Amino acid sequence: MNISAFQMFISYKSVNSRDWDVIVAGGGTAGAVAGIAAARSGARVLVVEAQGSLGGTGTNAWVTPLMRNVSAGENLNRGLTEEIKARLRERGDGARDAGGNDNWFNPEGLKFVLDDLLTDAGGEVLFHTQVVRPLMEGGKITALVVHNKGGLQALRAGCFIDATGDADVALLAGVPCHAGDEEGVHQAMSLRFTLAGVDTARLAGFLRENGQGQESPDFLHFWMVWDRNSSLEPLFRQAVEDGTLLERDGDYFQAFSVPGRPGELSFNCPRLRADLNDGADPWVLSAAQLDGRRAIERLTRFCRAFLPGCEHAFIGVVAPMVGVRETRRIVGEYTLTVEDILDCAKFPDSICKNHYPVDIHSVKGGAKLLHERDGTAPYFAKDAYHEIPFRCLVPQGVSNLLVPGRAASSTFEAQSSIRVQQNCHSMGEAAGIAATWAAREHGGEVRAVDVDALRAELRQRGGSV
Ligand SMILES: Cc1cc2nc3c(=O)[nH]c(=O)nc-3n(C[C@H](O)[C@H](O)[C@H](O)COP(=O)(O)OP(=O)(O)OC[C@H]3O[C@@H](n4cnc5c(N)ncnc54)[C@H](O)[C@@H]3O)c2cc1C
């Protein structure tokens, strides 16, 4: 069946009889928050999520902790992200360390927090449902075709939010997209996991004695990357030589404590095989799961044999979702660049402040961008930050769609900076409010939203814009 025949089939047979103001495709880091913000703005909102829980990469890819995004000692993301952190702490699933970093959290706890925040605000969610494609009338989306155990059906709304991380909806709505760097190569993917049954006090002592100081056994953070002067590098070299690890297992190794899960460590690795970097390709994703699980077994053997305190450790969690750092990025009304980041660009339609660095996990070698202006650009001032304009969420060519999160309009380099979770929360919050207003007051037109009023509303809700 060609696409138009397929489109006719589902649009004639299975249009859901209900209408929503806002439908959010993807209930992940940005999408869950967008749904909550929309519901709190009075929208009839539905979040459509492929997995069985909200939170996306922050829950189902087990990416923890939140990366710090501070300037002059102040958190730059507030509003809903602060409320989420407070709720996590109340449950014992979040923590603030002695240095004031309040970004430690338990991904399993976050699932419960997001469920409550969305449903308490009156939002609805449809889990285990894949968004297949938008139905279009001119430059406007009328419905999303979804697939689940009920088959195919079309769900209608006035305004849509594509928070799939991969710009799935935007791409098929005809929005121009970029993917990867100038050669189309994406950042490395990782399959995250945890080790439970760790004697963290012993491990902390060992790490301290070996040049990786730790605040306490409750807030462990240790790492090894080849040729970066990690004190653990000799152990990795030995493990490669005796066949416990492969050379590439040392390309990126990092572990963190998780609040509410004593004796358990969350690993920001293994980094997956370099050729497996396109997270929007289902065949690549499948190969990535296999590659990742094999690497997790090697790393587990390594930790048991080489890290005191891990002798009796066992695999606690293997993340259900592969960790995908970057796939497609929309071309929006504004495209954020690395120059904007270095120059601390400010915008009249700012909806988020960022000072997280350019952080490219390159499959071509090297982890960060070394820029010729390192050290001299405004970015390096103590109180520096740049802003993300609302226009980065507004895709070219479609009138009633917003795209918050890692697929927002930015260059490959700039995306590697703005993609961290708290920025996705802030973008999601702005998108949720704006989509509600667009649906309720402007026939879905996102460009008709009064951005000054949106910024005032974000501030009213505790935001820092
Ligand atoms: C390995 C790794 C480590 C990282 N480390 C950190 C870190 O330490 N701290 C930090 O703050 N950030 C970190 N990041 C970045 C950050 O976690 C992500 O950029 C961010 O979570 C992305 O949010 P998002 O909302 O754009 O996408 P996601 O959170 O991935 O949400 C997308 C959601 O859409 C759903 N979905 C996708 N397609 C469809 C579809 N067609 N139909 C229905 N649902 C769909 C997915 O199931 C998912 O729930 C890391 C990322 C990775 C991959």
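The values are calculated or read from the model by the stated rules, or taken from the named source; none is laboratory data. Everything quoted here is computed from the prediction, not taken from an experiment. Please note: Cβ atoms are built from the backbone with ideal geometry, for glycine as well, and neighbour counts cover all protein chains shown. What goes into the accessible areas is simple: the full protein's heavy atoms, side chains included, and nothing from ligands, DNA or RNA. Shrake-Rupley method; radii C 1.70, N 1.55, O 1.52, S 1.80 Å.
Residues in the range 295-329 that are within 16 Å of the ligand (Cβ to nearest atom), within 29 Å of residue 164 (Cα to Cα) and aliphatic (A, V, I, L, M): 295, 296, 317, 318, 319, 321, 322, 324. Here the strands (runs of 3 or more DSSP E) wholly within the range 122-200 that include at least 2 residues being within 27 Å of residue 41 (Cβ to Cβ) and more than 9 Å from the ligand (Cβ to nearest atom) are 124-126, 130-137, 140-148, 151-162. Considering (1) surrounded by fewer than 24 Cβ atoms within 10 Å (Cβ to Cβ); (2) touching a residue at least 12 places away in the same chain (Cβ under 8 Å); (3) away from the ligand (no atom under 12 Å from the Cβ); (4) within 29 Å of residue 141 (Cβ to Cβ), the lone condition that residue 39 does not fulfil carries the number (1).
Table: residues versus (1) among the acidic types (Asp, Glu); (2) more than 18 Å from residue 105 (Cα to Cα); (3) assigned to a helix (DSSP H, G or I); (4) in contact (Cβ under 8 Å) with a residue 40 or more places away in the chain.
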| position | (1), (2), (3), (4) |
| --- | --- |
| 207 | no, yes, yes, no |
| 215 | yes, no, no, yes |
| 229 | no, yes, no, no |
| 262 | no, no, no, yes |
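Going by the structure shown, is residue 420 closer than 20 Å to residue 86 by Cβ, in contact with a Phe, Trp or Tyr (Cβ under 6 Å, 6 or more places away or on another chain) and modelled with pLDDT of 95 or more?
Yes: the conditions hold for residue 420.
Among residues that are assigned by TED's automatic domain parsing to the domain that holds residue 154, touching a residue at least 24 places away in the same chain (Cβ under 8 Å) and assigned to a helix (DSSP H, G or I), residue 108 is included. Here residue 290 clears all of (1) without any contact (Cβ under 8 Å) to a residue 60 or more places away in the chain; (2) in contact with a helix residue (DSSP H, G or I) (Cβ under 9 Å, 6 or more places away or on another chain); (3) aliphatic (A, V, I, L, M) except the condition numbered (2).
Of the residues in the range 334-344, at least one is free of Cβ contacts under 8 Å to residues at least 24 places away in the same chain and within 30 Å of residue 77 (Cβ to Cβ).
Scanning the range 330-341 for residues that are open to solvent by 10 Å² or more (accessible area, probe 1.4 Å) and either in contact with a helix residue (DSSP H, G or I) (Cβ under 6 Å, 6 or more places away or on another chain) or within 13 Å of the ligand (Cβ to nearest atom) (or both) yields a total of 4.
Filtered by the rule that a residue be over 22 Å from residue 312 (Cβ atoms) and among the aliphatic types (A, V, I, L, M), the range 252-275 gives 272, 274.
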